[in-house]
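Below: one structure, written as structure tokens.
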Ligand code: ACO
């Protein structure tokens with residue numbers, strides 16, 4: 001028989017790095033983060049400055065094109081997005097086919113992939129111009145898809161875009177306008193939404209972005225690649241954490257609000273419970289986005305005059321955990337999604353929609369990374385493995401097994 005251990009020797013050196021903890025998959029110019037210092041930069045600009053001074057449309061441009069836009073460049077970008085601010089009517093039939101109980105992330109992933117069928121030119125792209133067109137098409141239509149996914153969850157009629165509004169306001173109106181009610185844009189809400197979307201816009205080679213790059217490395221079209229990223233984001237260890245955090249806070253509240261009990265559960269190695277919204281693969285000091293979001297949550301609740309018990313529990317949980325040896329030793333700090341759910345909840349967004357909001361924010365990052373990968377000509381992604389299965393053996397007829 002074949003001695004597989006010898007075969008293994010012939011395949012050359014393979015680094016086994018489960019979870020790619022120390023493996024760089026690419027060279028990138030988009031986002032820099034320093035996990036030890038708790039720093040994050042988009043195209044060289046500190047996240048604190050971007051979150052305070054910029055808006056989501058400008059950040060989309062920055063990530064995609066590498067520079068902050070001039071007024072003319074921003075107008076052209078906005079104009080293109082408005083030009084494509086519609087979705088084929090047939091797409092509504094796809095939404096109709098889903099049960100109302102379908103998870104919005106599953107619906108969003110399907111719709112994003114289906115968009116390819118109605119925009120075939122977005123698939124076989126080669127030049128920068130073709131890639132930018134595919135990017136603008138997806139950005140424009142994605143606001144519809146995210147808003148429609150939300151409407152589906154609530155069983156509400158699907159709204160169309162309003163080109164008198166900017167990107168975030170347009171999404172906000174499409175998602176939240178109720179039938180037969182005058183809709184007024186609340187600037188406090190759109191400011192909070194802009195901030196949240198900016199903070200989620202890119203985070204270098206995270207699970208969903210790596211997925212987008214991996215799928216796109218086979219020269220799969222942008223929309224299908226992003227659809228795969230949405231599926232990756234859905235998981236509770238990644239974007240799904242924002243939903244899991246609020247569910248956890250509600251559970252703790254219902255259980256009497258004893259945060260010490262839940263911190264003890266999270267530390268118990270015989271219990272699979274983890275403190276959702278705590279810990280990060282790269283940030284081992286603090287997540288700079290969490291600080292900004294915590295303040296934004298405080299500001300929004302104050303501006304809307306909302307008192308949220310979940311926020312109190314979150315703050316108690318953070319205090320207890322940050323003083324606990326288990327969390328200190330393992331460098332576990334609140335991440336971006338520990339507080340984002342509190343903002344979404346204050347805006348009346350249902351828990352199941354939280355990860356869709358994350359996807360809307362992450363969209364420009366996915367697209368910028370996909371474009372960079374294609375422009376650089378990265379090879380198809382194809383990791384190796386270390387085989388540990390059966391040695392060579394002969395087939396046994398079913399009668400003799
Ligand atoms: N609660 C309790 N213990 C934790 C937690 C937590 N939230 N996170 C990590 N740990 C413990 C682990 O049990 C492990 O302990 P051990 O060394 O005694 O075995 C140690 O800390 C290291 O954890 P790993 O899972 O190995 O760290 P990894 O880098 O693989 O995982 C992750 C990072 C997935 C974020 C993890 O911290 C986690 O599951 N957190 C909760 C889910 C969450 O908030 N995800 C959102 C991530 S941010 C984002 O996607 C936007």
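The values are calculated or read from the model by the stated rules, or taken from the named source; none is laboratory data. No experiment lies behind these values; they were computed from the predicted model shown. Every residue, glycine as well, gets a Cβ built from its backbone with ideal geometry; the counts of neighbours run over all protein chains shown.
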Pair list, Cβ under 9 Å, 6 or more apart: the range 236-257 residue within 19 Å of residue 320 (Cα to Cα), other residue near the ligand (Cβ under 8 Å from one of its atoms) and assigned to a helix (DSSP H, G or I): 245/337; 245/338
So residue 249 ticks every box in (1) within 12 Å of the ligand (Cβ to nearest atom); (2) surrounded by 21 or more Cβ atoms within 10 Å (Cβ to Cβ); (3) over 25 Å from residue 65 (Cα atoms) but one. Which box is left unticked? (1)
For the range 154-175 the number of residues that are touching a residue at least 24 places away in the same chain (Cβ under 8 Å) and either in a loop (DSSP other than H, G, I, E, B) or surrounded by fewer than 21 Cβ atoms within 10 Å (Cβ to Cβ) (or both) is 7
Any residue that is in contact with a helix residue (DSSP H, G or I) (Cβ under 7 Å, 6 or more places away or on another chain) and over 30 Å from residue 102 (Cα atoms) - is there at least one of those in the range 271-288? yes
Reported set for the range 322-340 where residues are assigned to a helix (DSSP H, G or I), closer than 22 Å to residue 33 by Cβ and touching a residue at least 40 places away in the same chain (Cβ under 8 Å) is 327, 337, 338, 339, 340
Testing residue 244 on (1) surrounded by 16 or more Cβ atoms within 10 Å (Cβ to Cβ); (2) assigned to a helix (DSSP H, G or I); (3) more than 17 Å from the chain's Cα centre (by Cα), one condition comes back false. Which one is that? (3)
For the range 204-214, what are the residues that are within 12 Å of the ligand (Cβ to nearest atom) and buried (at least 21 other Cβ atoms within 10 Å of the Cβ)? 206, 208, 209
When you go through (1) more than 8 Å from the ligand (Cβ to nearest atom); (2) surrounded by fewer than 16 Cβ atoms within 10 Å (Cβ to Cβ) one by one for residue 340, which number turns out not to apply? (2)
I'd like the full set of residues that are free of Cβ contacts under 8 Å to residues at least 12 places away in the same chain, within 11 Å of the ligand (Cβ to nearest atom) and not in a helix (DSSP H, G or I), limited to the range 262-321. 268, 269, 271, 272, 273, 274
Regarding the range 231-238, can at least one residue be identified that is modelled with pLDDT under 95, over 26 Å from residue 42 (Cα atoms) and within 15 Å of the ligand (Cβ to nearest atom)? no
